[in-house]
Amino acid sequence: MKYGEKILKAFDVENDLEIWPNEHQRNYRIKMTLPEFSCLCPRSGYPDYATIYLEYIPNEWVVELKAMKLYINSFRERHISHENSANEIYEVLERKLQPKYLKLVADYNPRGNVHTVIEIDSSTMSL
């Protein structure tokens, strides 16, 4: 097993998703694009690929970028649906960061003539 595979296999979101104190009082928006998300279909085992777009307004915490990269890459060998992967990422960031605002868009590549986009936005959660 290569060193990167070992790191991803051992990645534990509770212990390894590093967060840092937000040193700024003003509201500001952090946007991330993660264009190489992949996981495995829980039914067929075929790979699914997506671009994950994250946007948040930090409160007391920000996520460390390398830790975020490792977390996203840790899905690569997991059998998980589009909906479950998007919701898991959102819920982890919501719980760990407790941001003032959080939005996640998971734009999956078409497979079998179906294009799926999952969008979760804290400003529309009460609808």
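Just so you know, all these numbers are worked out from the coordinates, no wet-lab data involved. Bear in mind that the values here come from a model prediction, so they are computed numbers and not experimental data. Reconstructed Cβ throughout: ideal geometry from the backbone, glycine too, with neighbour counts over all protein chains shown.
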*Matching residues, segment 29-47, being among the hydroxyl-bearing types (Ser, Thr, Tyr) and outside any strand (DSSP E or B)*: 44, 46
*asked:* Among the residues in segment 51-67, are any part of a helix (DSSP H, G or I), surrounded by 11 or more Cβ atoms within 10 Å (Cβ to Cβ) and among the β-branched types (Val, Ile, Thr)?
replied: no
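To keep it simple, each residue is scored yes or no on (1) part of a helix (DSSP H, G or I); (2) in contact (Cβ under 8 Å) with a residue 24 or more places away in the chain; (3) under 9 Å from the mean Cα position of the chain (by Cα).
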position: 72; (1), (2), (3): yes, yes, yes
position: 75; (1), (2), (3): no, yes, no
position: 85; (1), (2), (3): yes, yes, yes
position: 88; (1), (2), (3): yes, no, yes
position: 103; (1), (2), (3): no, yes, no
*asked:* Going by what's in this entry, would residue 83 be described as among the acidic types (Asp, Glu) and surrounded by fewer than 16 Cβ atoms within 10 Å (Cβ to Cβ)?
replied: yes
*Give the residues of segment 1-28 that are assigned to a loop (DSSP other than H, G, I, E, B), touching a residue at least 60 places away in the same chain (Cβ under 8 Å) and touching a strand residue (DSSP E or B) at 6+ places or on another chain (Cβ under 8 Å), sorted by residue number.*
17, 27
